[in-house]
Amino acid sequence: MTRDTTGPSAEPKTASTDGANGGNAMWGGRFSASPSALMEAINVSIGFDKRLAGEDIAGSLAHSDMLAATGIITEADRDAIHLGLEAVRGEIAEGRFTFSTALEDIHMNVEARLREIAGPAAGRLHTARSRNDQVATDIRLFVRDAHDRAEAGFTALMRALLTQAERHVATVMPGFTHLQSAQPVTFGHHLMAYVEMIGRDRSRMRDSRKRLNECPLGAAALAGTSFPIDRHMTAKALGFDGPTRNSLDSVSDRDSLLEYMTVASIAAVHLSRLAEELVVWMTPQFAFVRLSDRWTTGSSIMPQKKNPDAAELVRAKTGRIFGALMGLLTVMKGLPLAYSKDMQEDKERLFDAVDTLELSLAAMAGMIEDLSVNERRMAAAAGAGFATATDLADWLVRTLDMPFRDAHHVTGRLVAEAERQGVDLEDLPLNAFKAVEPRITEAVYDVLGVDNSVKSRTSFGGTAPACVAEQIAWWKSKL
């Protein structure tokens, strides 16, 4: 995707016709010497941009339709172009198409083969367009589809999380801060936190898609074209909301790729956090959850091992998505308007980010669906570490009208006493409570159990099972 001309004279020459007289395979009219092997190696992009074949053909079909509708080419030429493009599409789909590095990229490969099939009519296809607006259109079509697939992946993962959350609305587990036991929560509530995160990712992806849905085709090399084209027609044919409004920006903009990678990076953070929790929860020290053999591997020398490799790989693949974003940001940061060959470096990064996000989403959804929960172990851990201490402090405030800071101090002394006696707060005798605060009554035990603690957290968005059920119902209606 390099410098280009606009108009009917910009017809590619194949390697077979040009190579015979020693000229350049593509630019025989301007260049007399063939490119060196090193130049070809650094310049060629067909090895990866052949992935855009479908988008390239779709753009060419829309463009040739428009050229015929505006009288720029004849209907007969358009029909020949269409038949040829469909033949090329079939060859590529069936694996019979020969991609040539001498033709540099997917655009010239398709057009050269079209010339062989359709004859002189193929040479009219490139009228009123450049490879600059052609590739900008192709890559927008690709990234638009990637947005749609990502949204579907986010939705599938959210549904898996909702299903598990509904099963465990009242399953108690320890809530953590600093990875230390803090307060009891429910497993359903914990999973719903990830529904919120992935929901934001889905919303961001939708917003990004709205912004990208403008068509660059017709911007030509950088300045538009003198041909009487109808850009609104091609935009509509390709499913865009309309054409882009500035030809310079049209060919030099890669914001849609950057936005996709940005959203993908944030989503990868969320996936990595969830993957990390699965890894921790599967350790024998926690033993909160279990994954089946479908999502784990064994050890070559330790027969007892069951390793959460899928979760670990999701966690690791975050770095690939981050790297793709940073790589393209670095490519774009210093480019003057309009197109520069640097932008050829956008595709491999985009393709890798797209593939990595889609694989990670599918793997995580599969693991969540497969997950089994050790409810007894979670419940036992939920009460450890004096997790109901805050409930005791709140009870002192509500029942004894004690200032919270005083209640905090009293609770701290009671925790120390329970620790000294080697018991949990709910097992501390009443006389021990009274020794610290004489006004405490037996009613204090009503708030010290883990289940009571969880049920009491009824503020909006809280962990009480009734609240979690409301959160689940709300998200089901949104999905």
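Side notes on the structure shown:
- Selection status of V251, β-branched (V, I, T), part of a helix (DSSP H, G or I) and surrounded by fewer than 18 Cβ atoms within 10 Å (Cβ to Cβ): no
- Of the residues examined, A219 is not one that is touching a Cys at 6+ places or on another chain (Cβ under 6 Å), outside any strand (DSSP E or B), closer than 21 Å to A62 by Cβ and open to solvent by less than 10 Å² (accessible area, probe 1.4 Å).
- So D133, is it out of contact with any strand residue (DSSP E or B) (no Cβ under 8 Å at 6 or more places or on another chain), within 25 Å of G224 (Cβ to Cβ) and surrounded by 24 or more Cβ atoms within 10 Å (Cβ to Cβ): yes
- Test: residue in segment 97-120 that is in a helix (DSSP H, G or I), farther than 30 Å from L257 by Cα, open to solvent by less than 60 Å² (accessible area, probe 1.4 Å) and at pLDDT 95 or above: yes
- Only a single criterion out of (1) surrounded by fewer than 11 Cβ atoms within 10 Å (Cβ to Cβ); (2) assigned to a helix (DSSP H, G or I) is not satisfied by P438, namely (2).
- Qualifying residue in segment 347-357 (condition: on the phi > 0 side of the Ramachandran plot and either free of Cβ contacts under 8 Å to residues at least 12 places away in the same chain or open to solvent by 10 Å² or more (accessible area, probe 1.4 Å) (or both)): no
- Scanning segment 358-369 for residues that are touching a residue at least 60 places away in the same chain (Cβ under 8 Å) and surrounded by fewer than 17 Cβ atoms within 10 Å (Cβ to Cβ) yields a total of 3.
- Members of segment 176-198 that are open to solvent by less than 10 Å² (accessible area, probe 1.4 Å) and not aromatic (F, W, Y): P184, T186, G188, L191, M192, V195, I198
- Selection of first residues in segment 220-240 that are in contact (Cβ under 8 Å) with a residue 24 or more places away in the chain and of second residues that are of a type in the set (K, R) and crowded, with 17+ Cβ neighbours inside 10 Å, restricted to Cβ pairs under 7 Å at least 6 apart or on distinct chains, gives the following pairs, ordered by first then second residue: A220/R129.
- Checked against (1) at pLDDT below 95; (2) in contact with a His (Cβ under 7 Å, 6 or more places away or on another chain), P184 passes all but condition (2).
The values are calculated or read from the model by the stated rules, or taken from the named source; none is laboratory data. What you see is a predicted model; the values in this text were computed from it and never measured. As a convention, Cβ positions derive from the backbone with ideal geometry for all residues, glycine included, and neighbour counts pool all protein chains shown. Just the protein is used for accessible areas: all its heavy atoms, side chains included, with ligands, DNA and RNA removed. Shrake-Rupley method; radii C 1.70, N 1.55, O 1.52, S 1.80 Å.
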